[in-house]
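Enquirer: Quick one: the structure is below, and I'll ask about it shortly.
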Amino acid sequence: MSSDSFTISTSENEVELVLTETEVILQLGEKIRNEVQNDLEDAKDDIEDAPKFLRGFIRGVMRIAGKAADLKLACPVSDIAKADYTNGAILFTYTHKPKVAFEDITVDDHEGKKPALSLFTEADSMEFVSRLNVLKHK
């Protein structure tokens, strides 16, 4: 991201929330993106061991997995009225709610599904909320 952006990450860097001058972005953390890319590189050697009729299918699945790791959920700052930190999670109030909102994204862990916006520390979350709200009032 540019030097004008602010990013918070979960403790294990699984998920990142990025604030730029124009967008809020939720994405997989760099650690996870790198792990996926490394796993896909390692798996390329295994394709030759697969039956010939399956190799094209496997390559297609690997391309999809690689692209999925780079997916980002973005919302224009102009479509967010404000942000709050409530009940252990960041909560956005939208002026134009997207079809898929940040609050819709969950992450699986050993305890079940958790909202992605609840995985950031309280200090990081409050700093993010503060910066977004300041940006909204410029």
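Enquirer: Using θ = phi - 60° and the Karplus form 6.51 cos²θ - 1.76 cosθ + 1.60, what ³J(HN,Hα) does each residue of the range 18-32 get, whole Hz, x for Gly and Pro?
Expert: Along the range 18-32, the couplings run 10, 10, 10, 4, 10, 9, 10, 10, 10, 8, 5, x, 4, 4, 5 Hz.
Enquirer: Which of the aspartates and glutamates could a cross-linker bridge to Lys82, judged by Cα under 15 Å and excluding same-chain residues fewer than eight apart?
Expert: Glu21, Glu23, Glu103, Glu127
Enquirer: Assigning unit charges at the beta carbon (Lys, Arg +1; Asp, Glu -1) and nothing else, what dipole magnitude in debye, to the nearest 20, does the chain show about its Cα centre?
Expert: On the way: 17 positive and 26 negative charges, 149 e Å.
Approximately 720 debye in magnitude.
Enquirer: Top mean-square fluctuation among Asp84, Asp49, Asp124, Gaussian network model of the chain, C-alpha springs under 10 Å?
Expert: Asp49
Enquirer: Follow-up. Could you put His96, His137, His110 in order, starting from the residue whose Cβ has the fewest other Cβ atoms within 10 Å?
Expert: Ascending number of Cβ neighbours within 10 Å: His110, His137, His96.
Enquirer: Arranged by the count of other C-beta atoms within 10 angstrom, fewest first, what order do Val134, Val129, Val24 take?
Expert: Numbers: Val134 9, Val129 19, Val24 22.
Fewest-to-most Cβ neighbours within 10 Å comes out as Val134, Val129, Val24.
Enquirer: Let me ask something additional. If you plug each phi of the range 48-55 into the Karplus form 6.51 cos²θ - 1.76 cosθ + 1.60 with θ = phi - 60°, what whole-Hz ³J(HN,Hα) values come out, in order, with x for Gly and Pro?
Expert: 5, 7, 6, x, 4, 5, 9, 4
Enquirer: Once phi is turned into ³J(HN,Hα) by the Karplus curve 6.51 cos²θ - 1.76 cosθ + 1.60 with θ = phi - 60°, what whole-Hz value does each residue of the range 82-92 show in order, with x for glycine and proline?
Expert: Using θ = phi - 60°, the values come out as 6, 9, 9, 10, 9, 6, x, 8, 6, 10, 9 Hz.
Enquirer: Hey, if you put +1 on the Cβ of every Lys and Arg and -1 on every Asp and Glu Cβ in the chain, which of His96, Gly112, Ile8 ends up farthest toward the positive end of that dipole?
Expert: His96
Enquirer: Tell me which residues come under 5 Å, amide H to amide H, from Glu23 once H is placed; ignore anything under 5 positions away on its chain.
Expert: Amide H neighbours of Glu23: Val77.
Enquirer: Now a separate question. List the residues whose amide H sits under 5 Å from the amide H of Asn13, counting only those 5 or more places along or on another chain, with H placed 1.01 Å from N in the peptide plane.
Expert: For Asn13, no residues qualify.
Enquirer: To continue, here is another question. What pairs in Lys52/Lys72; Lys114/Lys138; Lys72/Lys114; Lys72/Lys97; Lys44/Lys72; Lys44/Lys113 have C-alpha atoms more than 28 Å from each other? Kindly include the intermediate steps, with their values, before the conclusion.
Expert: Numbers: Lys52/Lys72 34 Å; Lys114/Lys138 33 Å; Lys72/Lys114 18 Å; Lys72/Lys97 17 Å; Lys44/Lys72 25 Å; Lys44/Lys113 31 Å.
Over 28 Å Cα-Cα: Lys52/Lys72; Lys114/Lys138; Lys44/Lys113.
FYI, it's all coordinate maths here, none of it is from the lab. Owing to the predicted nature of the structure, the values given are computational and were not obtained by experimental measurement. Virtual Cβ from ideal backbone geometry, glycine too; neighbours counted across all protein chains shown.
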